[in-house]
Amino acid sequence: MTDVVKDKKIVAVKGTSLWKDGLRRLKHRKFAMVCLVIILAYFAVTAFVYVAEFFNWQIRAVMWTEEVGPSYQPPDVKYVFGTDIFGQSVLRKTIYGAKTSITVALCASLISILIGVPLGAIAGYFRGVVDEIIVWIYSTLSSIPYILLILAFAVVLRDRTLFGFRLTGMVTVYLAIGLTSWVGICRLIRGEIIKHKDREYVLAARSYGSSNARIIFKQLLPNVFHLVIIDFSLRFVSFIHAEVILSFLGLGEADKPSWGAMINDARIELARGVWWQMAAATVAIFFISLALNIFGDALRDSLDPKLRMQ
Amino acid sequence: MLKKVFLFITILSSCLFLIVGCGKDDGEQTSSDNVIHTALTGKITGLDPANMRDWSSGVVAGNIFETLYQYHYLKRPYEAIPLLAESMPIISDDGLTYTIKIKQGVLFHDDKCFPDGRGRELVAEDFIYALKRIANIKNISQNWSMFDNKILGLDEFREYTKTCKTRDEVDYSWQVEGLKAVDDYTLVIKFKRRWPQFIYILTDPSTTAIAKEADDMYGKDIIAHPVGTGPFKLKTWHRGSYIELVRNPKFRGELYPSEGEPGDEEAGYLDDAGKPMPFVDGITWSIIAEQQPAWLLFMNGQIDSKAIPKDNFGEAIDSSMELTDQMEALNIRLEKFSDPSTYFVGFNMEDQLLGNNKPLRRAISYAVDRKRFIDLFSNNRNIVADGFLPPLMASYNPEIKKKGYAEYSNEKAKQLIEEAEIINKGKIPLLKLGMPGTGTSYRQMGQFLKKCFNDVGLEVEMLYMDWPTYLEKKNSKSLQMFVSGWIATVPDARDFLEIFYSPYWKAGTKSFNYYNPQFDKLFEQVEVMPDSGERRELYRRMEMVVMDDCPAVFINHRVSYVLKHSWYKNYKPHVFQYGLAKYRRLDCAERANYKQFLKKVK
Amino acid sequence: MTAYIIRRLFYTVPIVAGVLLLTFVLFNLVGGDISLEIAGKNATQETIDEIRHEYGLDKPLFLSLDSQFVNHFKNALVFDFGRARDREPVIDKIKRGIAPSLSITVPMFFGVVFISVSLALLVAFVRGSAWDSLTLFICVAGMSIPYLSFILFGQYFFAYKWGFFPIYYTPGLSLYEYAALPVLIGIVTGIGSNLRFYRTVMLDEMKSDYVRTAFAKGLSTRKVLFKHVLKNAMIPIITRVVLAIPYLFLGSLLLERFFGIPGLGYLMIEAIGSRDYFIINAMTYISAILFVLFNLTTDICYALVDPRVSLD
């Protein structure tokens, strides 16, 4: 007997969580890593602009109001992206535009996650009447085409004083996009929670008296959080694009440069053959969208439990 | 089962295709039609004269409806001449009674609201009916303010309509003292006070005659079923897209004027003198909100005339402000004309900060670089506004430039800001400026103005809003500063002065909320004066009073550059008259050949 | 089965009610008093009051039988949307806008579906290869360019500079002329995300056990794809396709605006610019109804097709 036992090799396999495993696999995808770098670069630029503005640093790259040259200069060695109607540098405007567009996307994402995740969790966990109500709310919202909903919200919320808080410019945009985009993540979370809530680990937690809140926050949500991250990365792109469309409709930041505004200006500028503002903004949006899309896909593939076998 | 689903989708889509295929296309437009093709940027709100305040609607309606008087097409300065009236009105000595004889034999358009569908003869009562319609509160007429408290007995009629519960209850036979048809062709109007501009009011489309039959038959839908007496009738109206008018076969006829001003003969405007109008068979207006497509349609010969968009200016006009060779080669002609307008950044005089701080207001006026503004936003076409009365007005003061109200000086501005800070007992806080739009042009203007303010140390926040919101805020006095413009609709400077007269704006639209008792007294004096040298002097004095108080930064007066093709004859710009299509003539053969001509030139 | 259908039908009622509630809150409560805007310039208080009376804004909000709330519901049920700001009945505007909108969205729809599905099949053949990656990259790249840029670019080069298509809608143009460029742009932009989706669906199916069995049996890729995969992949594909149909009626807002097509999308944009709540209200309600109806249809078809779907 002992001989057989001795012959058996006891292999200790270090347990890996979904995250560790996923991240390991993600690291192997070189292309996705490159995209991550690009994404971080954009965020870094945004942060930089915020800091520079806050401390009032006179850094040339951020001073987009400075007249660097004559009106409507095409791109050349001196003016890398050309100038606009006031002779301001399009390059600097593009850099500043990152701040506007990324802030919109971040705020809208935050709002939709802050609404969608808790509601989804509550609906999925408690079921019953609460679930019916929440499902009714988001079914109603999702019956209305996304763009109509955003427009309706934006038109109505513009310049109103809601609960004593005055709504202006960008806040309207954040709210309009955020309030209409939480449905997707809510549905997702709800579905996952429903699947998980009858699993053994949850029953176990309940058996030793964990409160509902504890179960939701400490047990369930961490297990479904990877979906939130994936959803976030993919939805971020749609928010950046939504800013462009809202800007076209006259909603959004009017005083400061934004990529949407730059593309919109092209509507009248193309007549004079001025293509560089639109080009710069399009290129900026292109790279961040591409990076986020690829990275989001890679993330999803890496975190997909079905693929763990590979 | 899947097959059934497929089938369902196929059937559904075939239905959709059918709908699409069926809903199509009436009126192939060809360039050899004797029809004027033109474009509008704003949509037409409606063709009901009682409710017409926007320019686009007036432009179209002016060809369908006729008024008692019209402006002479060619003579300048602008003068009113009879149209449906027989002659100029007989005015009583006290100026309170107008007796107007109307022409006989004028017929309404054939329309199904008349028995047998045949238009009946126009009578004096129809004009009275029209005015009563405007007074009728149930019609919620936007034109009522023109007649408020002017005609004897009309306000009482309005009060009477308030007591009626529905539109149908209103009895139009209710007698109005100041509107009487002595016989079928004589109209007697009595006022409460003298109204020297009344003759011009009678050229406004809102005073055209309305046939009661049309009103009864169409009710609210009369906005799409205009029944007038003019040279054209409505053919089709695809709302928001295009509108077509067609020649009225029963038009009583009118002759092209035989006199004009010096220069008209050389320009070819008297070629058709004495000939019966109209010359064209119809007019089509396409509603094109974007400038670019409209411009390209013009270059392609599909539109007969176009104002030059600011971004295509360089293509059409060279640095000496004349046509480029390219345009000359295409036989395109240029018309330059000023219109009686002023563009400004207005101050809300009831604002705590601005209203009591004249140095601050004067400082802002010094800080705005008007010349650069004109260069950037109107291709250097417009002229600097030294006062607020445009040069077109007879009472324009040629000496006003010397007063220096439009001077640009950052030093003077900064000095005045120091004074302003003393009055304000502290630094000037963030100012707010409302813009009536959110599009690119408005943003560019906003950015420019912001720079001007920042250059003298003032902080300003630009508030971009859509037009309805802008109007609402301005009217509720919640805008501290606002960008706007004003245009005269009659050749009398009173149109400009009345916006500063406090009893008027208190009861109506708010803008500057300007109150100066001296000005009010002068206004009451000139209101009842007919045109004269003395009145013009008073107008100028009043302008000075206002300019000294600085209720706005007056920026520029507009000069329009319009291009027309060589085949579009008798096109003389007229800034007051609606309904000019009857004078125009087309050389259809030339237009039809344009496409080939284009290819050759290119 | 019928019980399921009836239950699903009943479930649409609270949804529609929810939509009506939302529009009421948005446009009557939060939106504020629009009578001032309707009155326009130079309006006196009496005019404003008259307008409020005419539009029923002086009625109590909730509590009576004739309240605004009740009227809102009543009017929606009979499709009476009243008159828009410019006094034309809203329903007339909608009726007029349907045909032009569909003339753009329907060809776009067919184009996108056929091309995307075909390409997805092709890509399934070469899965894993460089072509596959390239296709995916092109899709994602296409999705990364803002829609507005596509439109401006297309309009500038194909219409303005090279003159292949008319730049803008004018009354005299035939359907094919004015719809060509917008449809083209719409198809090009639409392929990206659709192709990616269908590809994913196909490839997911190809990973299943039964496909592996089929390959093990020695079936060619072509047979596997067309006999097995396509049928199973059809369910998500059809779901997506059918659910896209309600959006056809909305018209493509941006394409219509840029090319001047007088459809429902153009109507919506104008309504937004002029704050015409009546129109926005009507359009929201109608789209919601359509959406609900098509959802219902899909669910029923699902239930009929797939025995695995539970009828609960």
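The values are calculated or read from the model by the stated rules, or taken from the named source; none is laboratory data. Source: prediction; values computed, not measured. Positions of Cβ are backbone-derived with ideal geometry, glycine not excepted, and every protein chain shown enters the neighbour counts. Heavy atoms of the whole protein, side chains included, go into the accessibility calculation; ligands, DNA and RNA do not. Shrake-Rupley method; radii C 1.70, N 1.55, O 1.52, S 1.80 Å.
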Quick check, is C:A130 of a type in the set (G, A, S) and in contact (Cβ under 8 Å) with a residue 24 or more places away in the chain?
no
Which residue pairs have Cβ atoms under 8 Å apart, sit 6 or more places apart or on different chains, and have a first residue in the stretch B:161-179 that is outside the structural domain of B:V123 (by TED's automatic domain parsing) and a second that is loosely packed, with under 15 Cβ neighbours inside 10 Å and assigned to a loop (DSSP other than H, G, I, E, B)?
none
Give just the number: which of (1) out of contact with any His (no Cβ under 7 Å at 6 or more places or on another chain); (2) of a type in the set (S, T, N, Q); (3) surrounded by fewer than 20 Cβ atoms within 10 Å (Cβ to Cβ); (4) in a helix (DSSP H, G or I) does A:S210 not satisfy?
(4)
Kindly check whether there is at least one residue in the stretch B:585-594 that is surrounded by 21 or more Cβ atoms within 10 Å (Cβ to Cβ), of a type outside the set (D, E, K, R) and in contact with a strand residue (DSSP E or B) (Cβ under 7 Å, 6 or more places away or on another chain).
yes
Matching entry among B:Y561, B:Y539 (being open to solvent by less than 30 Å² (accessible area, probe 1.4 Å), part of a strand (DSSP E or B), under 19 Å from B:S338 (Cβ atoms) and hydroxyl-bearing (S, T, Y)):
B:Y561
Would you point out which residue out of A:L148, A:L114 is crowded, with 17+ Cβ neighbours inside 10 Å and of a type in the set (A, V, I, L, M, F, W, C)?
A:L148
The stretch B:241-288, residues that are in contact (Cβ under 8 Å) with a residue 40 or more places away in the chain, surrounded by 19 or more Cβ atoms within 10 Å (Cβ to Cβ) and in a loop (DSSP other than H, G, I, E, B)
B:S241, B:N248, B:Y256, B:P257, B:Y269, B:D272, B:P278, B:F279, B:V280, B:I288
Would you confirm, using the coordinates I've provided, whether C:I151 is open to solvent by 60 Å² or more (accessible area, probe 1.4 Å) and in contact (Cβ under 8 Å) with a residue 12 or more places away in the chain?
no
Exactly one of B:L154, B:L179 is away from chain C (no Cβ under 11 Å) and more than 21 Å from C:I48 (Cβ to Cβ), and that residue is B:L179
Given the options C:V140, C:V106, C:V113, C:V126, name the one that is of a type in the set (A, V, I, L, M, F, W, C), over 25 Å from C:I269 (Cα atoms) and open to solvent by less than 20 Å² (accessible area, probe 1.4 Å).
C:V140
Subset of the stretch B:464-483 (residues that are assigned to a loop (DSSP other than H, G, I, E, B) and more than 15 Å from A:A254 (Cβ to Cβ)):
B:S476, B:K477, B:S478, B:L479, B:Q480
Which listed residue, of B:K412, B:K432, B:K427, is open to solvent by 60 Å² or more (accessible area, probe 1.4 Å) and assigned to a helix (DSSP H, G or I):
B:K412
Here's a check for you: in the stretch B:444-460, which residue that is surrounded by fewer than 21 Cβ atoms within 10 Å (Cβ to Cβ) and at the interface with chain A (Cβ under 8 Å from one of its Cβ atoms) is nearest to C:A271 (Cα to Cα)?
B:Q444
Filter the stretch C:157-201 for residues that are among the polar types (S, T, N, Q), within 13 Å of another protein chain (Cβ to nearest Cβ) and either outside any loop (DSSP other than H, G, I, E, B) or within 22 Å of the chain's Cα centre (by Cα) (or both) and give the result.
C:T189, C:S193, C:T200
C:E46 versus (1) surrounded by fewer than 16 Cβ atoms within 10 Å (Cβ to Cβ); (2) outside any loop (DSSP other than H, G, I, E, B); (3) at pLDDT 80 or above: which is the lone unmet condition?
(3)
Quick one: would you say A:Y50 is over 19 Å from A:I285 (Cβ atoms), away from chain B (no Cβ under 14 Å) and out of contact with any strand residue (DSSP E or B) (no Cβ under 6 Å at 6 or more places or on another chain)?
yes
Being open to solvent by less than 10 Å² (accessible area, probe 1.4 Å) and either more than 10 Å from every other protein chain (Cβ to nearest Cβ) or of a type in the set (D, E, K, R) (or both) is the filter here, so list the residues in the stretch A:263-283 that pass it.
A:E269, A:Q277, A:A280
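Yes/no matrix, rows are residues, columns are (1) surrounded by fewer than 18 Cβ atoms within 10 Å (Cβ to Cβ); (2) over 25 Å from B:D215 (Cβ atoms):
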site	(1), (2)
B:I44	no, no
B:W55	yes, no
B:N63	no, no
B:H72	yes, yes
B:I81	yes, yes
B:I90	yes, yes
Taking interchain pairs and intrachain pairs at least six residues apart, which have beta carbon atoms under 7 angstrom, with the first residue in the stretch C:248-267 and away from chain B (no Cβ under 12 Å) and more than 14 Å from C:I98 (Cα to Cα) and the second open to solvent by 10 Å² or more (accessible area, probe 1.4 Å) and not β-branched (V, I, T)?
C:L254/C:Y147
Is it the case that B:D171 is more than 21 Å from B:L68 (Cβ to Cβ) and open to solvent by 50 Å² or more (accessible area, probe 1.4 Å)?
yes
Just to check your reading of the model, which residue among C:S101, C:S116, C:S67 is touching a residue at least 12 places away in the same chain (Cβ under 8 Å) and more than 14 Å from every other protein chain (Cβ to nearest Cβ)?
C:S116
Filter pass, B:Y256 being farther than 30 Å from B:N136 by Cα, more than 14 Å from every other protein chain (Cβ to nearest Cβ), touching a helix residue (DSSP H, G or I) at 6+ places or on another chain (Cβ under 7 Å) and modelled with pLDDT of 90 or more
yes
Top-ranked residue in the stretch B:202-240 [being in a strand (DSSP E or B) and touching an Asp or Glu at 6+ places or on another chain (Cβ under 9 Å); ranked as nearest to the other protein chains (Cβ to nearest Cβ)]
B:H238
How many of the residues in the stretch C:270-290 are more than 7 Å from every other protein chain (Cβ to nearest Cβ) and either touching a helix residue (DSSP H, G or I) at 6+ places or on another chain (Cβ under 6 Å) or not in a helix (DSSP H, G or I) (or both)?
9
Here are A:I268, A:I240: which of them is at pLDDT below 85 and β-branched (V, I, T)?
A:I268
Filter the stretch C:26-42 for residues that are within 25 Å of A:T180 (Cα to Cα) and more than 23 Å from the chain's Cα centre (by Cα); the one that is modelled with the highest pLDDT is C:N28
